[in-house]
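No lab work stands behind these numbers, since they all come straight from the coordinates. Here the structure is a predicted model, which means the values were calculated and not measured. Here the Cβ positions follow ideal geometry from the backbone for every residue, glycine too, while neighbour counts run over all protein chains shown.
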Amino acid sequence: MDRWQYLIVLAACLVITAPLEFLGTGVYRWPRRLAYAVLPVALFFIAWDAVAIAADVWHYNPRYLTGWDVPGHIPIEEVAFFLVIPVCGLLTYTAVSRILAKVRSTRDVRR
């Protein structure tokens with residue numbers, strides 16, 4: 001079970017933030033915008049990881065990894081991290097922004 005922990009935590013992040021899709025402006029409803037926001041940064045940090053792993057700057061504890069790697073010996077969990085966490089952040093950001101906008105507009109109407 002230890003080797004699935006990283007992926008389980010990432011899946012839990014997606015499950016917990018999934019309802020925010022309906023509170024915000026719809027992160028998943030704009031796939032091109034989502035890709036523009038997530039992919040350039042993810043690719044940069046995946047390349048960064050590949051360089052750091054090759055230079056033996058850091059490594060990952062195999063006890064908590066499935067053993068599936070992408071080229072550059074980057075664990076699939078690390079690639080998933082660079083995709084999942086930004087998506088969860090965008091879901092949170094859009095939901096909070098929309099809720100705050102509604103609160104502000106309600107406050108303005110009362111004045």
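Pop the C-beta distance of Ala101 and Val15 into the FRET formula with R0 = 22 Å and round what comes out to the nearest 0.05. Could you put the intermediate results ahead of the total?
Working: r = 26 Å, r/R0 = 1.17.
Working from the Cβ atoms, E equals 0.30.
Quick check: the angle from helix 76-110's long axis to the longest principal axis of the chain, C-alpha only, nearest 10 degrees?
The angle comes out near 10 degrees.
Give, to the nearest whole percent, the P(r) tail of the chain beyond 19 angstrom, counting all Cα pairs. Write down the numbers at each step before the final one.
Details: 3451 of 6105 pairs.
Pairs farther apart than 19 Å: 57 percent.
Do the sum for the chain: with -39,500 (n - 2.57) for every DSSP H run of n ≥ 4, divided by all residues, what is the mean residue ellipticity at 222 nm, to the nearest 500 deg cm²/dmol? Walk me through the intermediate numbers first.
Numbers: 4 runs with 76 residues, N = 111.
It comes out at -23500 deg cm²/dmol, rounded to the nearest 500.
If amide H atoms are built 1.01 Å from N in the plane of the peptide, which residues on other chains or at least 5 residues away come under 5 Å of the amide H of Leu65?
So Leu65 has HN proximity to no qualifying residue.
If amide H atoms are built 1.01 Å from N in the plane of the peptide, which residues on other chains or at least 5 residues away come under 5 Å of the amide H of Val70?
HN-HN under 5 Å from Val70: Ile76.
Relative to the longest principal axis of the C-alpha atoms of the chain, give the angle of the C-alpha long axis of helix 5-17, reported between 0 and 90° and rounded to the nearest 10°.
That works out to roughly 10 degrees.
Which percent of Cα pairs goes in each bin when the distances of region 28-92 are cut into 5 angstrom slices starting at zero?
4, 17, 24, 22, 15, 12, 6, 1
Taking 0.36 nm per residue of separation and subtracting the Cα-Cα distance, what length does fully extending Asp69 through Phe45 add? Present the calculation step by step, with values, prior to reporting the outcome.
On the way: separation 24, 0.36 × 24 = 8.64 nm, distance 1.54 nm.
Full extension of this stretch gives 7.1 nm more.
Helix 31-54: angle to the longest alpha-carbon principal axis of the chain, degrees 0 to 90, nearest 10?
For helix 31-54, the angle is close to 30 degrees.
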